[in-house]
Amino acid sequence: MSMARQAEPAVTAPSGPGPNETDGRTVRRPPALRLLARPEVGVFLGAAAVLVFFLIAAPSVRQGSSMATILYQSSTIGIMALPVALLMIGGEFDLSSGVAVISSALTASMLSYQLTLNVWTGVIAALAVSLAIGAFNGWMVVRTGLPSFLITLGTFLILQGVNLAVTKWVTGNVATDDISDMDGFAQAKKIFASSFDVGGVQVKITIVWWLVFAALATWVLLRTRYGNWIFAVGGNKESARAVGVPVNFTKITLFMLVGLGAWFVGMHQLFSFNTVQSGEGVSNELIYIAAAVIGGCLLTGGYGSAIGPVFGAFMFGMVNQGIVYAGWNPDWFKAFLGVMLLGAVLINLWVQRTATRR
């Protein structure tokens, strides 16, 4: 994102500041404070601490296969956390993102199987459905002016009911049929759910997609006009509208980006397991939002990054799998997440106050 250069104070009289002095209004902060102003710094330090902790507490984490599993777990969270983070920077929430993933997978699976079509037909139809859900959420938010929390809570309940009811009605069960023997399945699996070998360790393709999407989101935020619009509408939408920012377009497309992420993760789940359980996805939206918050995105909007949620998702994956590798009771996972979330909020608050202190 382009930033204005700070003007140097003009010296108009010998009594003014000397060559090595600065006006208090133009003083440059030390590099350390400027670094702390970055929203991803706190979560990076936290992720490093969690990694070191589990490397000591669970020696099996040091194995390549274990780290690949941790990164895979992180990627399935991180791919969705990225568009959710962009939406939060734009000042909105989406509580339907968790069940939207399942809606996308169900659409692709049932359409392909019940109509005996090539699975790519279902994949494309699922993309259209996911984008339509995001567009509906965004349109309702900008049209009604209601908080996105309420709009997407309603969408969450609608999708949850539709997922269960339609799946039972079409298949007679709560899960879809196995589509692994259908035309196009092998090609789709290579894109969404394949693995490749790195030094004898099987690495999931979602890890690569996760990093590619993170790089793309970072470029959009920092190097494009659309990225400027996201920060502007999240900071103050009325001021943004006054200077010509297309507020409604920006918000609707941000919700559609969440739909795009839900489609991709839904396709991964479908082609990983060949079938989909219609009741899954509930509460996953809170994990995506928490990863974004831990990654430095403010609940009030207008602040955050795409790199921060990458580290936030890694912390989730690290804790989730680290507890298993350490041989602890997995019931402690939610407690760890709560501690991480509260810790991240406090660290972000301290970072902001420290970075803005003269």
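When the alpha carbon gyration tensor of the chain is reduced to an equivalent ellipsoid, its three semi-axes come out at 40, 26, 17 angstrom, largest first.
Ligands, DNA and RNA left out, the accessible area of the chain computed with a 1.4 Å probe is 66% carbon and sulfur.
Probing with 1.4 Å while keeping every protein chain in the model, the per residue accessible area of region 137-235 equals 55 Å². Alpha-carbon geometry of region 193-343: the Rg and the Dmax are 17.9, 57 Å, given in that order.
Expressed in units of 2.2 N^0.38 Å, where N is the residue count, the Cα radius of gyration of region 33-110 is 1.47. Taking 16 Å as the straight-line reach from the Cα of Lys190, the lysines in range (excluding those fewer than 8 positions away in the same chain) are Lys204. Across region 57-70, computed HN-Hα scalar couplings (Karplus, 6.51 cos²θ - 1.76 cosθ + 1.60, θ = phi - 60°) run 6, 10, x, 5, 4, 6, 6, x, 5, 5, 5, 5, 5, 5 Hz from first to last residue, x flagging Gly and Pro. Ordering Val43, Ser75, Val61 by the projection of their Cα atoms onto the charge dipole of the chain, which places +1 on the Cβ of Lys and Arg and -1 on the Cβ of Asp and Glu, puts Val43 at the extreme positive end. Explain nothing, just the number: relative contact order of region 193-253, from Cα pairs under 8 Å at least 6 residues apart, as a whole percent. Reported as a whole number, the value is 18 percent. With distances taken between every two different alpha-carbon atoms, region 204-278 has a Kirkwood hydrodynamic radius of 14.3 Å.
Taking the convex hull of the alpha carbon positions in region 66-217 and averaging its projected area over all directions gives 10.6 nm².
Of the residues Gln114, Gly234, Ile179, the one whose Cα sits farthest toward the positive end of the charge dipole of the chain, with +1 on the Cβ of Lys and Arg and -1 on the Cβ of Asp and Glu, is Gly234. Relative contact order of the chain, taken over Cα pairs closer than 8 Å and 6 or more residues apart, is 34 percent.
The charge dipole of the chain, taken about its Cα centre with unit charges on the Cβ atoms of Lys, Arg (+1), Asp and Glu (-1) only, comes to about 1140 debye. A cut-off under 14 angstrom between Cβ atoms defines the neighbours of Val123, and their net charge, with Lys, Arg +1 and Asp, Glu -1, is +1.
Nearest 0.05, what FRET efficiency do Ala128 and Leu342 give at R0 = 45 Å with Cβ-Cβ as r? Taking R0 as 45 Å, the efficiency between Ala128 and Leu342 is 0.70. Taking θ as phi - 60° and the Karplus parameters 6.51, -1.76 and 1.60, the scalar couplings of region 110-126 work out to 5, 4, 5, 6, 5, 9, 6, 9, 4, 4, 5, 5, x, 4, 5, 5, 5 Hz in sequence order, x denoting glycine and proline. At a Förster radius of 41 Å, what calculated FRET efficiency corresponds to the Cβ-Cβ distance of Trp350 and Gln63, to the nearest 0.05? With R0 = 41 Å, the Cβ-Cβ based efficiency is 0.70. Taking the charge dipole of region 169-290 about its Cα centre, with +1 at Lys and Arg Cβ atoms and -1 at Asp and Glu Cβ atoms, the residue from Gly281, Gln202, Gly244 reaching farthest to the positive side is Gly244. Here r is the Cβ-Cβ distance between Asn236 and Thr116 and R0 is 41 Å; the resulting FRET efficiency, rounded to 0.05, is 0.20. In the full protein context, region 259-321 carries 27 Å² of accessible surface per residue, based on a 1.4 Å probe and ignoring ligands, DNA and RNA. The charge dipole of region 134-272, taken about its Cα centre with unit charges on the Cβ of Lys, Arg, Asp and Glu (plus for the first two, minus for the last two), comes to roughly 640 debye.
Rounded to whole numbers, the Karplus 3J(HN,Hα) couplings from phi for region 134-139 are x, 5, 5, 4, x, 4 Hz, using 6.51 cos²θ - 1.76 cosθ + 1.60 with θ = phi - 60°, and x at Gly and Pro.
The values are calculated or read from the model by the stated rules, or taken from the named source; none is laboratory data. Treat the numbers as computed from the prediction; the structure is a model and nothing was measured. As a convention, Cβ positions derive from the backbone with ideal geometry for all residues, glycine included, and neighbour counts pool all protein chains shown. Accessible surface areas use protein heavy atoms only, side chains included; no ligands, DNA or RNA. Shrake-Rupley method; radii C 1.70, N 1.55, O 1.52, S 1.80 Å.
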